[in-house]
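Asker: Below is the structure I would like to discuss, written out as structure tokens.
Bear in mind that the values in this text are calculations on the coordinates, not laboratory data. Computed from a prediction, not measured in an experiment: that's the story for all the values here. Cβ: placed from backbone, ideal geometry, glycine included. Neighbour counts: every protein chain shown.
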Amino acid sequence: MQQERAVNPYDRFPMVIVEHLIKRFGSFNALSDVNLTVARGEKIVLCGPSGSGKSTLIRCINHIEKHDYGRIVVDGVELTDRIRDINSVRCEVGMVFQSFNLFPHLSVVENCMLAPLKVRGLPQSEALDRAMALLRKVRIHDQAKKYPAQLSGGQQQRVAIARALCMQPKIMLFDEPTSALDPEMVKEVLETMVELANDGMTMVCVTHEMGFAREVADRVVFMDCGSIVEEGDPSTFFRAPNTERARVFLNQIVH
Amino acid sequence: MFGVLLEKTMDGQRYIDWLLSGLGWTLALAFFGWWIAFAIGVVVGIGRTVRSSFFGGLARLYVEIFRNIPVLVQMFLWYFVLPELLPSAMGDWIKQIPPPWGSFFPALWCLSLYTAARIAEQVRAGIEALPKGQPEAAAALGLSRYLTYRHIILPQALRLIVPSLTSEVMGIYKNTSVALTIGMMELTAQARQISDATFQTFTAFGAATLIYLTLALIAYQTMMLIDRAVRIPGTAPGREAVGLDIDDSILESPLPGNMEVVK
Ligand SMILES: Nc1ncnc2c1ncn2[C@@H]1O[C@H](COP(=O)(O)OP(=O)(O)OP(=O)(O)O)[C@@H](O)[C@H]1O
Ligand SMILES: [Mg+2]
């Protein structure tokens, strides 16, 4: 698959381009003039205080939130209101939520098979093989027949990651994937994410896990009040942030 | 006390045969009415939750009209008024439908449409009770609106509303008694007929009451069984974990047999 990508002419273009993005809720500007480019294979960690617009930004990238002004281009396709086939874009963009959002009435393996079967049109056997392979990858294949409510939070989140990966997305978005977890389960989810990063996946992660950011992030993007205030490589950002706002924020999450 | 029910009537039957025939019509109205109501109710209930203001408005209009007019009045509207409103040829044709069908179909139609409006509101409530993350996760996976309703929203919403549907099931079979006003010889009508013929009012209506109570119990137990059968594994019994599924093929075949191989 990596080789396939190497000959793809679109490879030269970034995975995601966000230009002058503005998102309003009523009269409130949740995002004001955000610019962000995500290169293929790049891993970005997005951080910032509560309400700074991190979730809103990544939700705009798969058009779960519709932006008001500006441009978003995902894998060469611009997201507009008139976009005919938003679902084909969403197929290429995996998303993992803070609250897992597994489908409770489907077993673990069914959660993973649903979209490949119904959206990608994969044959049953292939969808099953793929689901089992990815569940194995997140080390939860022995729970495949269980239902989400029968799993721990960490297990549920790993299933959610496998479910997203079953669509073979080109980019994965994570919205605070570990903040709803008990501390002892954070590690297993972060390990899965690190492995994914090592496989070369393009990732945008909203997280305050600094260890994770140091280990995998190519770039840390710091947001406040709906704008990107600062960005840089993780070691510089965490050691010596440029802005006062980032300094205050980092002090808060350390303590 | 119920001995009179075994006595012969003028037409050579026994009174209990009258009751049983009435019970048959009551069950037929309730059973077929329920399924028609359920089908319409689910569609209208979905309509109440879609973004389109046209379909939303239409669904709302339906619910408000059929839920807020008394069943008795609706019964009269379908039976007496509708044939007059239609072109005379069609109206005359309807009036000539032989009994009991001339009463049965308007009654069935009336009960179905009324109950559908009530079910629609339950369906809407069930859909709106789902966490927002469910449709969002479905959208993030690329599922269309249709696929999301079909595979994510409806299976969960319908499970959620089984307890409240139980009272709708009981509601429709109780409301079948209104059909006597348009000449349907259902259970209550037969009880009255027996009472008129034998002057044993207490016996006639006592028997009908017992039958209605038994039906209620059966309906309740059946819904409890359905509730248990469709419960999502790992969820506790109670409000948030119950349900009915119109469609048992959520995935056409949930798990192929080769699962064990993978293990
Ligand atoms: N659906 C909505 N309607 C109205 N306001 C919203 C909505 N979603 C988000 N907001 C507002 O937009 C702002 C940004 O929200 P967002 O969820 O993106 O923040 P965040 O950075 O993800 O915060 P957190 O760390 O708490 O998750 C907040 O002030 C929030 O109140
Ligand atoms: Mg957030």
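Asker: How many Å³ per residue does the convex hull of the Cα positions in chain A occupy? Write down the numbers at each step before the final one.
Answerer: On the way: hull volume 34.7 nm³, N = 255.
Roughly 136 Å³ of hull volume per residue.
Asker: Ok, one more. Quick one: A:132, A:15, B:170, fewest Cβ neighbours within 10 Å first, how do they rank? Let's see the in-between values first.
Answerer: Details: A:132 21, A:15 24, B:170 17.
Result, fewest neighbours first: B:170, A:132, A:15.
Asker: Hey, got a sec? Which chymotrypsin sites (Phe, Trp or Tyr not before Pro) in segment A:40-117 land in a DSSP loop and have at most 13 other Cβ atoms within 10 Å?
Answerer: Working: sites: A:69, A:97, A:100; in loops: A:97, A:100.
Answer by residue number: there is no such site.
Asker: Okay, next question. What translational diffusion coefficient, in µm²/s and rounded to a whole number, does the Stokes-Einstein relation yield for the protein assembly as shown at 4 °C and a viscosity of 1.567 mPa s, taking the hydrodynamic radius as the Kirkwood radius over Cα pairs? Don't skip to the answer; put the middle values down first.
Answerer: Numbers: Rh = 26.9 Å.
Approximately 48 µm²/s, per Stokes-Einstein.
Asker: Mean separation of Cα pairs under 8 Å and 6+ residues apart, divided by the residue count of chain A: what relative contact order is that in percent? Could you put the intermediate results ahead of the total?
Answerer: On the way: 443 pairs, mean separation 64.1, N = 255.
Rounded, it is 25 percent for chain A.
Asker: In addition: Please list, by residue number, every one of the trypsin sites (Lys or Arg not before Pro) in segment B:64-150 that is coil in DSSP and has at most 15 other beta-carbon atoms within 10 Å. Walk me through the numbers before you get to the answer.
Answerer: On the way: sites: B:67, B:95, B:118, B:124, B:132, B:145, B:150; in loops: B:132.
When the trypsin sites (Lys or Arg not before Pro) of segment B:64-150 are filtered for loop state and at most 15 Cβ neighbours within 10 Å, B:132 remain.
Asker: Still on this structure: Within 10 Å of each Cβ in peptide A:150-156, how many partner chain Cβ atoms are there on average? Round it to a whole number, please. Walk me through the numbers before you get to the answer.
Answerer: On the way: counts 4, 1, 0, 0, 0, 0, 0.
So the per-residue partner count for this stretch is 1.
Asker: Below 30 Å, Cα to Cα, which lysines can residue A:187 reach? Residues fewer than 8 away in the same chain don't count.
Answerer: Qualifying lysines at Cα under 30 Å: A:43, A:54, A:137, A:145, A:146, A:170, B:132, B:263.
Asker: Here's another thing I want to ask about it. Taking each full run of DSSP H in chain B as one helix, which ones are at least 24 Å long along their axis (Cα atoms) and have mean Kyte-Doolittle hydropathy of at least -0.5? Can you show the working numbers first?
Answerer: Details: long enough: B:15-47 (47 Å, 1.60); B:101-129 (41 Å, 0.56); B:201-229 (42 Å, 1.20).
Those that clear 24 Å and a mean of -0.5 are B:15-47, B:101-129, B:201-229.
Asker: Moving on. Would you tell me the mean number of C-beta atoms belonging to other protein chains that fall within 10 Å of each C-beta in B:131-138, as a whole number?
Answerer: Taking the mean over all residues of the peptide, I get 6.
Asker: Compute the angle between helix A:244-254 and the longest alpha-carbon principal axis of chain A, please, reported from 0 to 90 degrees and rounded to the nearest 10.
Answerer: Relative to chain A, helix A:244-254 is tipped by roughly 40 degrees.
Asker: Quick check: the angle from helix A:183-198's long axis to the longest principal axis of chain A, C-alpha only, nearest 10 degrees?
Answerer: The two axes meet at around 90 degrees.
Asker: Rounded to the nearest 5, what is the percent of antiparallel bridges among the DSSP beta bridges in segment A:16-254?
Answerer: Numbers: 19 of 36 bridges.
Beta bridges within segment A:16-254, antiparallel portion: roughly 55 percent.
Asker: Let me ask something else. Over all residues in B:229-235, what is the mean tally of Cβ atoms on other chains that come within 10 Å of each residue's Cβ?
Answerer: For this peptide, the per-residue mean of nearby foreign Cβ atoms is 5.
Asker: Under a 5 Å amide H to amide H cut-off, with H placed in plane at 1.01 Å, what residues pair with residue A:224 once short-range neighbours are removed?
Answerer: Residues meeting the criterion, in which the H sits 1.01 Å from N, are A:229.
Asker: Moving on to the next point. Using just the helices of chain A, give the 222 nm mean residue ellipticity in deg cm²/dmol: DSSP H runs with n ≥ 4 each add -39,500 (n - 2.57), and the total is spread over all residues, rounded to 500.
Answerer: After summing the helix terms and dividing by residue count, I get -11000 deg cm²/dmol.
Asker: Moving on to the next point. Take segment B:2-260, drop everything but the C-alpha atoms, weight them equally and run the Debye formula without solvent; then report log10 I(q)/I(0) at 0.16 Å⁻¹ to two decimals.
Answerer: Each listed q maps to, in turn, -1.18.
Asker: Here's a follow-up. Going by alpha carbons, how many degrees (0 to 90, nearest 10) lie between the helix axis of A:124-137 and the longest principal axis of chain A?
Answerer: Tilt of helix A:124-137: around 60 degrees.
Asker: Pop out the ³J(HN,Hα) list for segment A:232-238 in order, Karplus 6.51 cos²θ - 1.76 cosθ + 1.60 with θ = phi - 60°, rounded to Hz; leave Gly and Pro as x.
Answerer: Ordered by residue, 3J(HN,Hα) equals x, 6, x, 5, 5, 4, 6 Hz.
Asker: Let me ask something else about it. What is the sum of charges around residue A:108, taking Lys and Arg as +1, Asp and Glu as -1, for the other residues whose C-beta is under 11 Å from the C-beta of residue A:108? Don't skip to the end; give the middle numbers.
Answerer: On the way: positive: A:145, A:146, A:158, A:163; negative: A:110, A:142.
Summing Lys and Arg as +1 and Asp and Glu as -1 gives +2.
Asker: Same structure, new question: Restricting to the protein assembly as shown, what percent of DSSP beta bridges are antiparallel, rounded to 5?
Answerer: Numbers: 20 of 37 bridges.
Expressed as a percentage, antiparallel bridges in the protein assembly as shown total about 55.
Asker: Right, another one. Could you please rank A:208, A:67, placing first whichever residue has the fewest other Cβ atoms within 10 Å of its Cβ? Kindly include the intermediate steps, with their values, before the conclusion.
Answerer: Details: A:208 17, A:67 25.
Going from least to most buried by this count: A:208, A:67.
Asker: Next up: Scan around residue A:43 for amide H atoms under 5 Å from its own, H built in the peptide plane at 1.01 Å from N, and keep only partners 5 or more places away or cross-chain.
Answerer: So residue A:43 has HN proximity to A:203, A:218, A:219.
Asker: Output the antiparallel fraction of DSSP beta bridges having both residues in segment A:130-255, as a percent to the nearest 5. Walk me through the intermediate numbers first.
Answerer: Numbers: 5 of 10 bridges.
Close to 50 percent.
Asker: Using only the alpha carbons, work out the radius of gyration and Dmax of segment B:169-228 in angstrom.
Answerer: 13.6, 45
Asker: If contacts are Cα pairs under 8 angstrom and at least 6 residues apart, what is the relative contact order of chain B in percent?
Answerer: Details: 312 pairs, mean separation 64.7, N = 263.
It comes to 25 percent, rounded to a whole number.
Asker: So how do A:158, A:71, A:82 line up by other beta-carbon neighbours within 10 Å, fewest first? All intermediate terms of the calculation are to be shown ahead of the outcome.
Answerer: Working: A:158 29, A:71 14, A:82 4.
Ordered by Cβ neighbours within 10 Å, fewest first: A:82, A:71, A:158.
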